[in-house]
1. How many of the residues making up the range 73-107 are out of contact with any helix residue (DSSP H, G or I) (no Cβ under 9 Å at 6 or more places or on another chain), under 19 Å from Ala36 (Cβ atoms), open to solvent by less than 70 Å² (accessible area, probe 1.4 Å) and in a helix (DSSP H, G or I)?
2. Looking at Gly254, Gly243, Gly232, which one is at pLDDT 95 or above, in a loop (DSSP other than H, G, I, E, B) and not hydroxyl-bearing (Ser, Thr, Tyr)?
3. Against the conditions (1) open to solvent by 50 Å² or more (accessible area, probe 1.4 Å); (2) modelled with pLDDT under 95; (3) out of contact with any strand residue (DSSP E or B) (no Cβ under 7 Å at 6 or more places or on another chain); (4) not charged (D, E, K, R), where does His196 fall short? Just the number, please.
4. Quick check on Met39: is it open to solvent by less than 20 Å² (accessible area, probe 1.4 Å), under 30 Å from Leu235 (Cβ atoms) and outside any helix (DSSP H, G or I)?
5. State all residues of the range 181-210 that are of a type in the set (A, V, I, L, M) and assigned to a helix (DSSP H, G or I); if no residue qualifies, say none.
6. Which members of the range 1-36 meet the condition of being modelled with pLDDT under 95, outside any helix (DSSP H, G or I) and either out of contact with any strand residue (DSSP E or B) (no Cβ under 7 Å at 6 or more places or on another chain) or open to solvent by 60 Å² or more (accessible area, probe 1.4 Å) (or both)?
7. State all residues of the range 42-72 that are over 22 Å from Glu165 (Cβ atoms) and open to solvent by 30 Å² or more (accessible area, probe 1.4 Å); if no residue qualifies, say none.
8. On the given criteria, is Gly254 more than 30 Å from Leu99 (Cβ to Cβ) and open to solvent by less than 40 Å² (accessible area, probe 1.4 Å)?
Amino acid sequence: MNVTDLTLAYDLESTEALSNKAFVTARAQLDPGSGATWMMAGGGYAMYDGVGSPLTQVFGLGLSEVTTEDDLARIESFFDGFGADTTIELCPLAAPSLLRCLPTRGYVPVELTSVLHRSLDDLANEVHPQWPHVREITPDERDVWAAASAEGWATDAELSPVVKELAWVGAHSEGMHCFVAELDGRFVATGGLAMHGEVALLAGASTVPAFRGRGAQSALLVERLRFARGAGCRLAMMCAAPGSTSQLNAERQGFHMAYTRIKWQRPAYGGPAAPTR
C-alpha cells in the first residue's frame, strides 16, 4: 500500500479527525466551563479545545465534498467567536481550489506533518522486540499514566504540564486505548491507540528520559499494532515532523510515507496569532 489515493487519504484523515472529536467531547464532559465543542463544514471537522490548544483546528477539509467560501466563512466565524486562530490541517489530496483561496483569506502555512501508514496484514511474520511488561492500563490508572506521559517531557518545564493535561483528557476519551511499558512496577513509557473503521491511529508516545534507548517504545508500538490487528484493523497510521527521529523510527517499523500535510493558519480577528501550546 505505497500509493496514496483519495480513499486512503480520507480514511487516514477521518481517523485522526474522529479521534480528536472524541478528545474534545471528553474535554467538554470533564470541564463544562472550557467551552470545548466541534462542528462540521465543507466535509471537515472544526474543533475548539481552548485558545492555543493543538486540538483547536480543522481536519478532513475538502476530501469528501467541495469546500465553498461560505464553508470557510462558517469555520472562521466559529473560531473567531472564541478568539482563536483558524488552523486547518490540509491534506494534499484535498480539492486544489483550497490552496488557491486560503492565501486570499489571510492564511499562511505554518507547519508540515508527515503522515505515515503501514499494513497490519503481515504483522505476524515480523520479529518483535522484548520488554518485561507491556499492557493496556486499567481505568483507575489513568492519572498515573498521564503523569508518566508528562515525565517523558520533564526536560521541558513549560510543555510537561501541558502534556499531562492532554494525556489525562485523552485517557478519558471514548475509544482511546492507553498502553504502558513497565519496569519493576514503574511506568517508564506510554503510548495511545485510537481505532475507527479498519484504521488504527498511534499517538501519545512518551518515554521517561532515564529509560530511553532500551526498546520500550518499540515494544509499545508492536503491542498496539497487535491489539489493533486483533480488533479488526487492517491499517495503522501515525504522524511526525518531517525528517524527525519519530519518522525515522516509524519507517524502521515498516511505516511508509502517505503524504506531507500542510498546516495553514489565519489569525483571529482583533489580535495577533495565539501561541500554540
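The values are calculated or read from the model by the stated rules, or taken from the named source; none is laboratory data. Everything numeric in this text was worked out from a predicted model, so none of it was measured. Heads up, the Cβs are rebuilt from the backbone with ideal geometry, glycines too, and the neighbour counts pull from every protein chain shown. In case anyone asks, the SASA skips ligands and DNA or RNA and just uses the protein heavy atoms, side chains included. Shrake-Rupley method; radii C 1.70, N 1.55, O 1.52, S 1.80 Å.
1. Residues in the range 73-107 being out of contact with any helix residue (DSSP H, G or I) (no Cβ under 9 Å at 6 or more places or on another chain), under 19 Å from Ala36 (Cβ atoms), open to solvent by less than 70 Å² (accessible area, probe 1.4 Å) and in a helix (DSSP H, G or I): 4 in total.
2. Gly232
3. Unmet condition: (2).
4. Judged against the criteria, Met39 is not a match.
5. The one that is of a type in the set (A, V, I, L, M) and assigned to a helix (DSSP H, G or I): Ala210.
6. Passing the criteria: Met1, Asn2, Val3, Asp5.
7. Across the range 42-72, the qualifying residues are Ser64, Glu65, Val66, Thr68, Glu69, Asp70.
8. Yes.
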